[in-house]
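The values are calculated or read from the model by the stated rules, or taken from the named source; none is laboratory data. Bear in mind that the values here come from a model prediction, so they are computed numbers and not experimental data. Cβ placement follows ideal geometry from the backbone for every residue including glycine, while neighbour counts extend to all protein chains displayed. Ligands, DNA and RNA are stripped out before the accessible areas are found, and what is left, the full protein with its side chains, is counted by its heavy atoms. Shrake-Rupley method; radii C 1.70, N 1.55, O 1.52, S 1.80 Å.
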Amino acid sequence: MLAGRDDDLDAIEAELARPGRVAAAYVHGPAGIGKTALLREATDRAVAASGYDLVWIDGRDIAPVPDQLEDALGDPAERRRPLVVLDSFEHVEVLGGYLRRVLMPALPAGAAVLIASRRAPGPEWAEPRAPAAGGEPPSRDEAGFVSLPLAPLDPGASAEVLRRHGLDRGAVERARDWAHGNPLALELAAASVGDGTRPAVAPDVGLDEDLVARLVAERLQGPHLATLASAAIARVTTPDLLADALRGADPATEWKW
């Protein structure tokens, strides 16, 4: 269960519950703020409660051209009630106009589209949408996508995340103050405390310095550094790409890593 995201989940649920139209929400915020985790929780609840047919599309896995978006979506007519998630949308945001003007009107009433992006939506995302297939035209004051900016977790929710990892009170306070409510930073900080064999946060070392040192020592030694470099440069990383790019490393092992 997500900590500190009840209001965001309620907002998505309210949007999905609006009858006679295609529900649409645009979740945005910086890296690590928990966009994907929020949409996972929201879609799990929606599928369980309302029988949506989930289609999850990662913007990192398709080229920013209409054909690939259509191929990933499939034929909406074959899906009883599509719930389309476009994660990492910043990678394919040039498809925004095509999505709003062509694909969404082809969806049946009762379908839904949820977007997650590191960038906030422009004003065009709030314009009234075309009617869903078989639906009534929208009123002029009907907004397009509901915009949901994700804020950092508050101190109470941050502490709850850390307590779930078994941290004691002192470690919780230090990690919480360092992470500033960023869920990914909270998870990394909790991992940096270690498995009990040694204190990962030494009394005389700042948490940020220790965390960076540990990540470098454990994650970026040997061939992993070349793998990370390849992934940072390539738009989409695949096993075949690693096989071509890496020397002196097993591509299958590196792909699993």
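Some observations on this one:
- If you plug the beta carbon distance of V65 and E90 into 1/(1 + (r/R0)^6) with R0 = 22 Å, you get a FRET efficiency near 0.85.
- Residue-averaged [θ]222 nm for the chain, counting only DSSP H segments that reach four residues, each worth -39500 (n - 2.57): -11500 deg cm²/dmol
- Heavy atoms of the protein chains alone define the surface here; on that basis the chain has 54 Å² accessible area per residue at 1.4 Å probe size.
- Paramagnetic reach from H224 in the range 235-257 [backbone N under 15 Å; point 7 Å along Cα→Cβ]: 250, 253-257
- If you sort the three axes of the alpha carbon gyration tensor as a ≥ b ≥ c, you get a/c of 1.5 or more for the range 1-115 and a/b no higher than b/c, which makes it oblate.
- Summarising the label geometry, the points placed 7 Å from Cα in the beta-carbon direction at R214 and D244 lie 3.8 nm from one another.
- Largest to smallest accessible area among T227, T36 [probe 1.4 Å]: T36, T227
- Where labels lie 7 Å past Cα in the beta-carbon direction, separation of A106 and A252 in nm: 3.9 nm
- Correct option for Kirkwood radius over Cα pairs in Å [calculated from the coordinates] among (1) 21.4; (2) 19.5; (3) 20.6: (3)
- Residue-level accessible surface for L2, protein heavy atoms, 1.4 Å, Å²: 40 Å²
- Expressed as a whole percent, the accessible area of the chain that falls on carbon and sulfur atoms is 54 (1.4 Å probe).
- Ranking D10, D87 from most to least accessible surface, computed with a 1.4 Å probe over the protein chains only, gives D10, D87.
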